[in-house]
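What follows is one structure encoded as structure tokens, with my remarks underneath.
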Amino acid sequence: MPLVRKNPWKTLQSRVMFAACAACTVLIIGVLGLVTVYLFSIGFGATSWEFFAADPTGNALDPGGMRNAVVGTLILIGLASLIGIPLGLLAGVYLSEYGTERLLPGPVRFVTDVLAGVPSIVVGILGYELLVVPLGNYSGWAGAGALAFIMVPIVARTSEEMFRLVPDSYRQASAALGATRSQTILRVVAPAAAGTVVTGIMLAIARIAGETAPLLFTALGSRFLTTNPSEPFPSLTVQVYTYATGPYPAQRELAWAGILVLISIIFVVNVSIRLVTLRVRRSPA
Amino acid sequence: MSALPARTIGAMEVRAPHPPVPTAPAQGPAGPSVLDAIRQGHAHTAAVHESLRSEQAVIEAREFSLWYGKRRALYAISMIVARGKVTALIGPSGCGKSTLLRSINRLNDLVEGVRIEGSIVLHGVPVYAPGVDVIGLRKRTGMVFQKPNPFPMSIRENVIYALRINGERRRAVLDEACENSLRAVALWDEVKDRLRHSALGMSGGQQQRLCIARAIVAEPEVLLLDEPCSALDPVATLRIEELIRELSQRYTILIVTHNMQQAARVSDYTAFMYLGRLVEYGSTADVYQNPRLRETEQYVTGRFG
């Protein structure tokens, strides 16, 4: 058989494969586009100055805004991050850098994977039992704690993976120069992994920003603007859930605006963290 | 010679102790091969030349053995490294050259399941004694690796890394040390205008010289070079070899190399190793031109059997 002759069966195979891949890509992007367009077309019209300036009125026909929920969500994300990111990062460092010669890392890794797969409603109930009941009332602290609980395994596992990607030759060079393990981690490994670790952190933030179930049992929600995490605490997701499942058209419309704002917040946080880390990495060490 | 435990090499069960195999003179007729005997697990008494007796030892290994888990990598190595000289470790892959090198600064500690016997003494301090400050030990030795491995930082930060971890903060001190080290490796003129650029943008040869600068910035007592040219092109290799000759005026250097010509060019003493044993050790001129063992001659001339 001459080498240059085409095998029609192989050519067909190749074309079918290409068509399948292209079709799936178009399908996914199409659905994503549809959701975005739909969200914007309804949500954008419902978003007004009042949405950010006013709190809920309690009047179903003239529901006011969601200022309290925007502020509440930002605070909840911030508090949860303050608790969850350090815990997750340190666990990730342990698994990657210290966990090689000890007995603990195997079980820790297993438990972390299990925790990452726990349904968020379970986290909510856990938060109720472990935080709300002992503290005596629904509160922002309990909500932040439940969200942090979701963050830790995500941050731990992604940062472990990213630390592992740092070449071992860096660690050896550093050790040969007389660096202690912690010096090697802080000065060489962590800076080298920083860019990708941030991606994992942002995944975790995006994930908790959209959580509703854990907050229903912990932060509960509130109609009022508050910055005191000891009280029941408002959040966009719970408020959207309440409005969207209610019977009043004005509130449902406001729920659309709430979702749009929530997605925008996640997007802005994402981009700004990326910009900051880029700048830090570019400046001379 | 210490008694060797019974063990399996290949498919063959060998029992110890074995009588040492007498070493045949290099020019003698084909007798029992020393390398065959080693392959069969016999003990071998290294042929160490008298020229080493007059040298002052900076490093001394005494009956040093090392195991990676159950696999034995070094067999009772006894040798000195002469002060102010360049000593080359040669031998086929897997003969334990790099392992021996990494035993001196205890970099093998990073590997799981390493076990040792015997001792290595650096400037009178037994490096494997309990309670030895490993960090301090590593600060007294500089190491350069097979592949250039600059940190993903600026050129300047790479050079002064050892000082930074020692807590040095004075800018003038750091600047001066940086310049001196870079001059010592003949890199200063090439990079003085881009000290704050990433070291990863340099060529392979430049990176390796940077790694040498990084290794000498804290004035170590010995330099351990682990095949420093194996990832470099011939021109860059030549520059590193020139550099090794220059640095030998200030440092004791121990270099592992796969390249026999390189060992001949840069070293004062050469140690030939095979399967974890020291086979022959003497001045480079003797080992290359007048070896005691026929096997050494065959190896250094590339007729390895």
Check your understanding: Just a yes or no: is a residue in region B:194-202 among the hydroxyl-bearing types (Ser, Thr, Tyr), assigned to a helix (DSSP H, G or I) and over 14 Å from the mean Cα position of the chain (by Cα)?
Key -> no
Point to revise | Sole exception among (1) closer than 27 Å to residue B:70 by Cβ; (2) within 13 Å of chain A (Cβ to nearest Cβ) for residue B:118, by number | key: (2)
Exercise for review: Only residues in region B:126-142 that are within 10 Å of chain A (Cβ to nearest Cβ) and among the hydrophobic types (A, V, I, L, M, F, W, C) count as the first member; pair them with residues that are part of a loop (DSSP other than H, G, I, E, B) and surrounded by fewer than 18 Cβ atoms within 10 Å (Cβ to Cβ), Cβ under 7 angstrom, at least 6 apart or cross-chain, and list the lot.
Suggested key: B:135/A:180
**Study point:** Criterion (within 12 Å of chain B (Cβ to nearest Cβ), touching a residue at least 12 places away in the same chain (Cβ under 8 Å) and closer than 20 Å to residue B:167 by Cα) met by exactly one of A:182, A:174
**Key:** A:174
Check your understanding: Any idea which of A:138, A:94, A:128 is touching a Phe, Trp or Tyr at 6+ places or on another chain (Cβ under 6 Å), in the same structural domain as residue A:174 (by TED's automatic domain parsing) and either touching a residue at least 12 places away in the same chain (Cβ under 8 Å) or in a helix (DSSP H, G or I) (or both)?
Key -> A:128
Point to revise | Within region B:71-178, helices (runs of 4 or more DSSP H) holding 2 or more residues that are out of contact with any helix residue (DSSP H, G or I) (no Cβ under 9 Å at 6 or more places or on another chain) and either buried (at least 20 other Cβ atoms within 10 Å of the Cβ) or of a type in the set (Ser, Thr, Tyr) (or both) | key: B:97-104
Check your understanding: If you check B:270, B:237, which single one turns out to be under 15 Å from the mean Cα position of the chain (by Cα) and at negative phi?
Key -> B:270
Check your understanding: In region B:246-297, which strands (runs of 3 or more DSSP E) lie fully inside it and hold 3 or more residues that are in contact with a Phe, Trp or Tyr (Cβ under 6 Å, 6 or more places away or on another chain)?
Key -> B:277-283
Study note, to complete from the structure: So the helices (runs of 4 or more DSSP H) completely within region A:181-272 holding 2 or more residues that are surrounded by fewer than 16 Cβ atoms within 10 Å (Cβ to Cβ) and more than 15 Å from the chain's Cα centre (by Cα) are A:181-184, A:190-209
**Study point:** Residues that are assigned to a helix (DSSP H, G or I), at pLDDT 90 or above and not charged (D, E, K, R), drawn from region A:53-76
**Key:** A:68, A:69, A:70, A:71, A:72, A:73, A:74, A:75, A:76
Review point. Which one of these does residue A:103 not meet: (1) at pLDDT below 90; (2) part of a helix (DSSP H, G or I)?
Key: (2)
Review point. With respect to residue B:276, is the statement that it is on the phi > 0 side of the Ramachandran plot and touching a strand residue (DSSP E or B) at 6+ places or on another chain (Cβ under 6 Å) true?
Key: yes
Practice item. Would you mention how many residues in region B:183-211 are of a type in the set (A, V, I, L, M) and more than 12 Å from chain A (Cβ to nearest Cβ)? Key: 6
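The values are calculated or read from the model by the stated rules, or taken from the named source; none is laboratory data. Note that this is a predicted model, so its numbers are computed, not measured. Cβ: placed from backbone, ideal geometry, glycine included. Neighbour counts: every protein chain shown.
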